[in-house]
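S.K.: Below you'll find the structure I mean.
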Amino acid sequence: MRIHLQIALLSVQLLMCFGAWRPATAQPSNTSAIEPSLALTSEEVVDKLVQRNRERAQALAAYQGTRIYRLEHKGFPGSRSAEMTVAVEYRSPGTKEFSIRSETGSHLLIEKVFHKLLQSEKEALTEENQARTALNNDNYRFALTGYESLPTGPCYILSVEPLTKNKLLYRGRIWVDAEDFAVVRIEAAPAKNPSFWTKETRIEQAYAKVGDFWLPISNRSSSAIRLGGHAYFTIDYQDYQITTTTPVGMPSNVAGYR
C-alpha cells in the first residue's frame, strides 16, 4: 500500500511540473525547415518566446474544456489503474474551477493522485509559483540545437537546463513555433527526482492552437519504480472553448499562461 502511495504522490509532482508550463497551434503546414539565413539566435528565440507568451496570456481571459486523467502502475507489489474525467473552467488572472464528471478504478489513486492533483494545480496559480516556474532566463539556461518541420510548421529546437533543482522545473528539449514563438512540444525529465521510489522519469507534452492561443492537448509520462515495475500517467485535453478574450498585445496585469 505504501508503495502505491509513493507512486501516487509522484504523479502529483509530475503534473505540477507540467501544469506550470505555458500554453503553446496545430494548423497543418508543409513549410520546410527554417532557412539558415533566416534563423535567429537562441537568445532572440527566447526573447520572442517570453514576449509572445506574455501577450497571449494577457489576451486569454477565460476558457473551458475537458480533461481525461489516466494512471496505471504495473509491477511490485501489484497492478492498479484509475481514470477520471474533469470539466475545467479558467478565468484570468488565476482562477481554475474543476467539476468531476466520472471516476473509475483504484480508489487510492483517485483520492491520493487525481484529487490532490487538482488542488495542487489551483495552488500553482499563485503569482509566486508562476514566477518560479516560468519558462524564461530567470529559471532556465537555453541553447539552440537545431530545426525541425512539424505538422504545425517549422520550429526551433532548444535545449533547456534548470538553474535550480526545483522539483517543478525540468530539463530536456522544447520545440518553438517559428512564426508564433510558442512551445508546441516538450520532451523532458524533472530537474529533481520527485521520489526516492522512482527513476528514469520521462515526460512528453504536446500543444495545439485554439484560436490565437496554444493550449496543451496531451501529456505522457512514465517512471521506472526502484522495486520493480513502471508507472504510466497521461492527460488528454479536449473540447476547448475560448470564452473571453482581449486583443493580443493589449496591456494587462496578467503575468503568464495558466
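What follows draws every value from the coordinates through simple rules; no lab data is involved. This one's a predicted model, so the numbers in the text were calculated from it and none came from an experiment. Note that we place each Cβ from the backbone using ideal geometry, even for glycine, and neighbour counts take in every protein chain shown.
S.K.: Using the Karplus curve 6.51 cos²θ - 1.76 cosθ + 1.60 with θ = phi - 60°, what ³J(HN,Hα) values do you get for each residue of the stretch 218-231, in whole Hz, with x for Gly and Pro?
M.R.: Along the stretch 218-231, the couplings run 7, 9, 10, 9, 9, 9, 7, 9, 4, 8, x, x, 9, 10 Hz.
S.K.: Sort 125-138, 206-219 by packing, meaning the average of other beta carbons within 10 Å per residue, with the highest value first.
M.R.: By packing density, highest mean first, the sequence is 206-219, 125-138.
S.K.: Moving on to the next point. At a Cα cut-off below 18 Å, give the lysines reachable from Lys199, other chains included and same-chain residues fewer than 8 away excluded.
M.R.: Lys74, Lys165, Lys167
S.K.: Place the peptides 80-91, 151-162 in order of packing, highest mean first, counting for every residue the other Cβ atoms within 10 Å and averaging per peptide.
M.R.: Averaged packing, sorted descending, gives the order 151-162, 80-91.
S.K.: A further question on this structure: For Leu40 and Lys192, what does the FRET efficiency come to when R0 = 35 Å and r is the distance between their Cβ atoms, rounded to the nearest 0.05?
M.R.: Approximately 0.70, to the nearest 0.05.
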